[in-house]
Amino acid sequence: MPGSAPSASPQLSPSQLQRVGQRIWQNECAGTVAGLTSWNTGEDFASLGIGHFIWYSTGKKGPFEESFPPLVSFMEARGVKMPAWAKGPCPWGSKASFEGDKNGPRQTALRTTLSKTVALQTEFIIARLQRALPKMKASSKKPSLVQAHFDMLLATPEGAFCLIDYVNFKGEGTAPTERYNGQGWGLLQVLEGMKQPTPAAFADAAKAVLSRRVQNAPAARKEQRWLAGWHNRCDGYKRKL
């Protein structure tokens, strides 16, 4: 995937990295194998893997960054054999067709592969985080503050989890398309809004950013239905890894 030079890596032990992957899986899919292939109500794309990586079907491109095709390339580069049909656009054009084929051979096989590659999917998300800092600083009016908050969070296991999970959850916050009323809701906006560089302060800033997103969202999207779950996820950042 294209991007700027990577920043420092989180210093996590193998057991901590495993917990990061399991918690992301829990956050996105309730920790279930069935949840590894999903199409959420009200969305125009499939959500796959522990990070619910976005996959658009032919002719569809939404405002959110597509992440499943880069994941497929990432895993193949590390020796995971992916089926040919998984290397192009999403073959299901709607939620109805996707759900109708939920227990078909393609999704069943894909869930098996995804359930066995949690560590690689976690590595993929961390690689995205490493590319995020230069992009966020370039987009921010407070680059020194963003750098300081990022570095201090990255220095602890719990802080690193905040960064890793949120960049997968709501993106870097740098894409012009990921705005409502000109205001973003990604990692950049959370880092800029933090009162101090702690996981608890990160959780509070994330909740404020997401509340603002819902207030600014087009009424037709009915985003209020998701806010309680989003806030609950953010409260999880206050827990030990």
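Each reported figure results from applying straightforward, stated rules to the coordinates on display, with no laboratory input. What you see is a predicted model, and the numbers here were worked out from it, not measured in a lab. With ideal geometry, Cβ positions are generated from the backbone for all residues, glycine too; neighbour counts draw on all protein chains shown.
Points worth noting:
- Once the Cβ-Cβ distance of ALA208 and VAL80 is raised to the sixth power relative to R0 = 41 Å, the FRET efficiency obtained is 0.60.
- Those residues of region 75-117 whose amide nitrogen sits under 17 Å from the label point placed on GLN22, 7 Å along Cα→Cβ: 115-117
- Hypothetical label at PHE64: residues of region 178-192 whose amide nitrogen lies under 18 Å (7 Å Cα-Cβ projection): 178-181, 183-190
- Qualifying lysines (Cα of each under 18 Å from Cα of LYS116; at least 8 residues distant if same chain): LYS81
- Whole-number percent relative contact order across the chain, with pairs defined as alpha carbons under 8 Å at least 6 apart: 19 percent
- Structure note, pairs LYS61/LYS87; LYS102/LYS240; LYS141/LYS195; LYS170/LYS195; LYS60/LYS135: Cα-Cα distances above 28 angstrom occur for LYS102/LYS240.
- Cα-based reach from LYS222 at 12 Å (exclusive), listing aspartates and glutamates while leaving out same-chain residues under 8 positions away: GLU43
- With both labels modelled 7 Å from their Cα along Cα-to-Cβ, the THR32 to ALA228 distance reads 1.9 nm.
- Counted by Cβ distance under 11 Å from LYS102, the other residues give a net charge of +1, where Lys and Arg count +1 and Asp and Glu count -1.
- Calculated mean residue ellipticity, 222 nm, the chain: -17000 deg cm²/dmol, from DSSP H runs (n ≥ 4) at -39500 (n - 2.57) each, averaged per residue and rounded to 500.
- Evaluated with a Cβ-only charge set (Lys, Arg +1; Asp, Glu -1), region 110-241 carries a dipole of roughly 320 debye about its Cα centre, given to the nearest 20.
- Springs join every pair of Cα atoms under 10 Å in this Gaussian network model of the chain, and among VAL167, VAL190, VAL214 the largest mean-square fluctuation is at VAL214.
- Compared with the rule-of-thumb size 2.2 N^0.38 Å for a compact globular protein, the chain has a Cα radius of gyration ratio of 0.98.
- Taking the Cα centre of the chain as reference, the dipole from Cβ charges on Lys and Arg (+1) and Asp and Glu (-1) amounts to some 140 debye.
- About its Cα centre, the dipole of region 157-197 is roughly 120 debye, where the only charges are +1 on Lys and Arg Cβ and -1 on Asp and Glu Cβ.
- Dipole-positive endmost among VAL72, GLY42, HIS52 within region 35-87 (Cβ charges, Cα centre): VAL72
- Spacing of the modelled spin labels on ASN216 and THR108, each 7 Å from Cα toward Cβ, amounts to 4.5 nm.
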